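**Q** Right, I'll just put the structure down here and ask away after.
The values are calculated or read from the model by the stated rules, or taken from the named source; none is laboratory data. Remember, predicted model here, so these are calculated numbers, not experimental data. Quick reminder, even Gly has a Cβ in these numbers, built from the backbone with ideal geometry, and neighbours come from all protein chains shown. For accessibility, only protein heavy atoms count, side chains too; no ligands or nucleic acids. Shrake-Rupley method; radii C 1.70, N 1.55, O 1.52, S 1.80 Å.
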Amino acid sequence: MDYMTPFTRRVNFDEGTIPDAVAVQERRLADLQGMFADAAAEAALLPTNPLIYRVYEATQNPAIPGQLRYSTTVIYPGTVGGEYFMTKGHYHAQGDRAELYLGLVGEGYLILQTPEGEINVQRMTPGAAAYVPPYWGHRTINVGKGNFAFFACYPADAGYDYGSIAQTGFASIVVERDGQPQVVSNPRFRK
Ligand code: M6P
Ligand code: ZN
């Protein structure tokens with residue numbers, strides 16, 4: 001038996017970062033082009049291409065059954081035409097793989113959607129352990145004034161299906177109304 005060597009990575013609970021991450025992914029507005037409901041507001045912001053979020057990958061564990069990967073995500077505060085900064089969102093390429101999120105810093109929403117377009121919203125604050133069941137697409141949204149960060153752990157072979165979200169979007173979006181987050185239907189949603 002070729003045993004894998006155990007290891008530990010430290011999560012910074014104040015920042016929601018992993019200082020010794022094996023990889024850090026940066027997602028800017030250009031990487032989310034076409035995903036915000038207000039196309040004009042998105043186009044107006046595109047020249048400055050703001051940083052929306054970073055993903056700190058703790059592992060590059062092999063994408064095989066039985067292995068896990070874990071990471072933290074820090075979403076910066078801001079909106080595009082009143083719609084809060086958010087992740088791209090994805091289904092798992094292997095749809096039956098679940099995922100666990102743990103809120104670390106700030107305040108966010110986890111929005112989930114079935115392939116049939118059913119929506120579920122979970123509020124995430126530090127300590128909230130939110131379960132993403134098999135088959136639900138998932139996106140996280142920073143609805144606060146500061147950074148929103150969370151920890152994620154998922155089967156290493158789950159994979160990413162970004163295509164369906166890019167094409168159809170989520171049926172609901174989260175916008176700022178009178179300074180408060182509100183979940184409203186997405187005018188650009190296509191089933
Ligand atoms: C969490 C996990 C990651 C994911 C990241 C950003 O950390 O779910 O697997 O990559 O959020 O989300 P997305 O890939 O949709 O941009
Ligand atoms: Zn996932």
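**Q** Select, from Tyr91, Tyr109, Tyr135, Tyr162, the only residue that is touching a His at 6+ places or on another chain (Cβ under 6 Å), under 24 Å from Asn186 (Cα atoms) and open to solvent by 20 Å² or more (accessible area, probe 1.4 Å). Break it down stepwise before answering.
**A** Details: Tyr91 fails: touching a His at 6+ places or on another chain (Cβ under 6 Å); Tyr109 fails: touching a His at 6+ places or on another chain (Cβ under 6 Å); Tyr135 fails: touching a His at 6+ places or on another chain (Cβ under 6 Å).
Criteria check complete, one pass: Tyr162.
**Q** Take region 74-88 and flag every residue that is open to solvent by less than 20 Å² (accessible area, probe 1.4 Å) and either out of contact with any strand residue (DSSP E or B) (no Cβ under 6 Å at 6 or more places or on another chain) or of a type in the set (Val, Ile, Thr) (or both).
**A** Val74, Ile75, Val80, Thr87
**Q** Under 8 Å by Cβ, and 6 or more places apart or on different chains, what pairs join a residue from region 22-37 that is part of a loop (DSSP other than H, G, I, E, B) with one that is open to solvent by 50 Å² or more (accessible area, probe 1.4 Å) and basic (Lys, Arg)?
**A** Ala37/Arg188
**Q** Is it the case, given these coordinates, that Thr8 is open to solvent by 70 Å² or more (accessible area, probe 1.4 Å) and more than 25 Å from Val132 (Cα to Cα)?
**A** Numbers: open to solvent by 70 Å² or more (accessible area, probe 1.4 Å): yes; more than 25 Å from Val132 (Cα to Cα): no.
Considered against the rule, which asks whether it is open to solvent by 70 Å² or more (accessible area, probe 1.4 Å) and more than 25 Å from Val132 (Cα to Cα), Thr8 comes out as no.
**Q** Could you look through region 181-191, keep only residues that are of a type outside the set (A, V, I, L, M, F, W, C), in contact with a Ser or Thr (Cβ under 8 Å, 6 or more places away or on another chain) and touching a residue at least 40 places away in the same chain (Cβ under 8 Å), and pick out the one that is surrounded by the most Cβ atoms within 10 Å (Cβ to Cβ)?
**A** Restricting attention to region 181-191, the residues satisfying the condition of being of a type outside the set (A, V, I, L, M, F, W, C) are 181-182, 185-188, 190-191.
Adding the requirement that they be in contact with a Ser or Thr (Cβ under 8 Å, 6 or more places away or on another chain) leaves 185-186, 190-191.
Cutting the leftovers down to touching a residue at least 40 places away in the same chain (Cβ under 8 Å) gives us 186, 191.
Working: Asn186: 18, Lys191: 8.
Here the answer is Asn186.
**Q** Moving on. Check off (1) more than 11 Å from ligand 1 (Cβ to nearest atom); (2) touching an Asp or Glu at 6+ places or on another chain (Cβ under 6 Å) for Tyr154 and give me the number that stays unchecked.
**A** (1)
**Q** Next up: Which numbered condition trips up Arg139, out of (1) in contact with a Leu (Cβ under 7 Å, 6 or more places away or on another chain); (2) within 11 Å of ligand 1 (Cβ to nearest atom)?
**A** Unmet for Arg139, out of (1) in contact with a Leu (Cβ under 7 Å, 6 or more places away or on another chain); (2) within 11 Å of ligand 1 (Cβ to nearest atom): (1).
**Q** Oh, and also: Return yes when Ile64 is closer than 20 Å to Val22 by Cα and either exposed (fewer than 14 other Cβ atoms within 10 Å of the Cβ) or in contact with a helix residue (DSSP H, G or I) (Cβ under 6 Å, 6 or more places away or on another chain) (or both) and no when it is not. If you could, list the steps in order and put the result at the bottom.
**A** Values: closer than 20 Å to Val22 by Cα: yes; either exposed (fewer than 14 other Cβ atoms within 10 Å of the Cβ) or in contact with a helix residue (DSSP H, G or I) (Cβ under 6 Å, 6 or more places away or on another chain) (or both): yes.
Against the criterion (closer than 20 Å to Val22 by Cα and either exposed (fewer than 14 other Cβ atoms within 10 Å of the Cβ) or in contact with a helix residue (DSSP H, G or I) (Cβ under 6 Å, 6 or more places away or on another chain) (or both)), Ile64 qualifies.
**Q** Just for strands (runs of 3 or more DSSP E) wholly inside region 38-157: which have at least 1 residues that are touching a residue at least 60 places away in the same chain (Cβ under 8 Å) and charged (D, E, K, R)?
**A** On the way: elements: 51-57, 68-75, 99-105, 108-113, 119-124, 129-132, 137-142, 148-155.
Filter on region 38-157 gives 68-75.
A quick yes/no check of all residues on (1) away from ligand 2 (no atom under 14 Å from the Cβ); (2) modelled with pLDDT under 95; (3) of a type outside the set (A, V, I, L, M, F, W, C):
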| residue | (1), (2), (3) |
| --- | --- |
| Phe85 | yes, no, no |
| Gly89 | no, no, yes |
| Leu110 | no, no, no |
| Ile119 | yes, no, no |
| Thr125 | yes, no, yes |
| Ala130 | no, no, no |
| Ala171 | yes, no, no |
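**Q** Now for a separate question. For region 165-180, give me each residue that is surrounded by fewer than 17 Cβ atoms within 10 Å (Cβ to Cβ) and under 30 Å from Gln94 (Cβ atoms).
**A** Here is the first cut: in region 165-180, the residues surrounded by fewer than 17 Cβ atoms within 10 Å (Cβ to Cβ) are 166-167, 176-180.
Once the filter is applied, which keeps residues that are surrounded by fewer than 17 Cβ atoms within 10 Å (Cβ to Cβ) and under 30 Å from Gln94 (Cβ atoms), region 165-180 yields Ala166, Gln167.
**Q** Out of (1) over 16 Å from Phe151 (Cβ atoms); (2) outside any strand (DSSP E or B); (3) in contact (Cβ under 8 Å) with a residue 12 or more places away in the chain, what's the single condition that is false for Glu15?
**A** For Glu15, the failing item is (1).
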